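Any read-out appearing in this document is the output of simple, stated calculations on the displayed coordinates, not a laboratory observation. These numbers come from a predicted model, not from an experiment. Cβ placement follows ideal geometry from the backbone for every residue including glycine, while neighbour counts extend to all protein chains displayed.
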């Protein structure tokens, strides 16, 4: 199905959002000039595609109705016997096509445009230079055609129930989706915040990552960022691979990479990640791996992680109730804290622990106080209980605060 979108370049930002929505929600690419009219392509031939499209989304604004290119597309569309079925108009901004006086202002605008160009052409004609401006004579005929039909076009629009873009967006373009007989694609799962997970042997870790790679490459990057230390060479490789992936996703989103090329590039990324899996060694990891299949974190670390998970839940609960605008900042602090705890765990195993973890405790108390201030609707006793659990866990490690 080919869906053409006709709009004024003055409204490009709105169209970018519509275009992205239809692609992400319905897996449907709209035909538009910025993507489908190639460099040095014929503009007239592209605009005439409006007649061969199955449907035409029309973003009707004042800029649209005063654009020669937009109105030419509409004049072409009106030549189609099925134009009433094809056209899907959406209103944008302060425009009232139902008001006869406002409709006539556009008729007057095109009369003035015709008169202005016509007077200039007459001056060239009187000096015998008419042949030199043949293209402008053709433009005059085009404007004359718009002038003669713009009111009929507006009356045609006024015969329908029209909806503003804002209302369409609020309803997820449901009315248009029903006409096009398209359904929303399943939404992607929201990724949970990662917390340290136990590691078995290297083979188990590679199996886990390979399984993730089949299902969700973004989850692979999240897991690797969780376990690979920033000091290793693999960390730099991961940064480059993730940048390549994000660039590829952006290209796919705006439609400048074909589906075939996207799949090829994605498979190359997967092969690169498989090589990363093979290169995983102890010096690359945030904390040492255990070769015992039943190995698990120490009780103290479990308590620390559990406390942070509780804090995460409180943050998410506060966010869902719209009780704070600082969720992103708080979430970032929490993620940094989880990463920091893993590093500290590795340092404790190596024996350098008291000063390091004592500093960790001080940092944790400061951050919890910050979160307490940000999430004022969270009962103080919950924050206090979490802090007490963290203190207890650190105490069991033999660290005094």
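Order of 17-23, 275-281 by packing, highest average Cβ count within 10 Å first?
17-23, 275-281
How would 98, 26, 106 line up from fewest to most surrounding beta-carbon atoms within 10 angstrom?
In increasing order of surrounding Cβ atoms, one gets 98, 26, 106.
Could you please rank 35, 147, 161, placing first whichever residue has the fewest other Cβ atoms within 10 Å of its Cβ?
Placing the least packed residue first, the sequence is 161, 35, 147.
Could you give P(r) for segment 3-180, binned at 5 Å from zero, as whole percent values over all Cα-Cα pairs?
Taking all Cα pairs of segment 3-180, the binned fractions are 1, 7, 16, 19, 19, 15, 10, 6, 3, 2, 1, 0 percent.
With the cut-off at 1.5 for a/c, could you classify segment 234-278 from its C-alpha gyration tensor as rounded, prolate or oblate?
Since a/c reaches 1.5 but b/c is at least a/b, the shape of segment 234-278 is classed as oblate.
Please find the FRET efficiency linking residue 84 to residue 254, where r is the Cβ-Cβ separation and R0 is fixed at 22 Å, and quote it to the nearest 0.05.
Efficiency, rounded to the nearest 0.05: 0.10.
Where does each of 159, 67 land when they are ranked from fewest to most other beta-carbon atoms within 10 angstrom?
Final ranking by Cβ density, sparse to dense: 159, 67.
When a/c is below 1.5 the answer is rounded, else prolate if a/b is larger than b/c, else oblate, so apply that to segment 202-284 with a ≥ b ≥ c taken from the square roots of the Cα gyration tensor eigenvalues.
prolate
For Cα pairs less than 8 Å apart in space and 6+ apart in sequence, what is the mean separation divided by the residue count of segment 53-176, i.e. the relative contact order in percent?
Relative contact order comes out at 33 percent.
Under the classification rounded if a/c is under 1.5, otherwise prolate if a/b is larger than b/c and oblate if not, where does segment 1-81 fall, given a ≥ b ≥ c as square roots of the Cα gyration tensor eigenvalues?
The shape class here is rounded.
Specify the inter-centroid distance of segment 45-70 and segment 111-151, based on alpha-carbon positions, in whole Å.
22 Å
How high is the FRET efficiency from residue 118 to residue 34, r the C-beta distance, R0 35 Å, rounded to 0.05?
0.60
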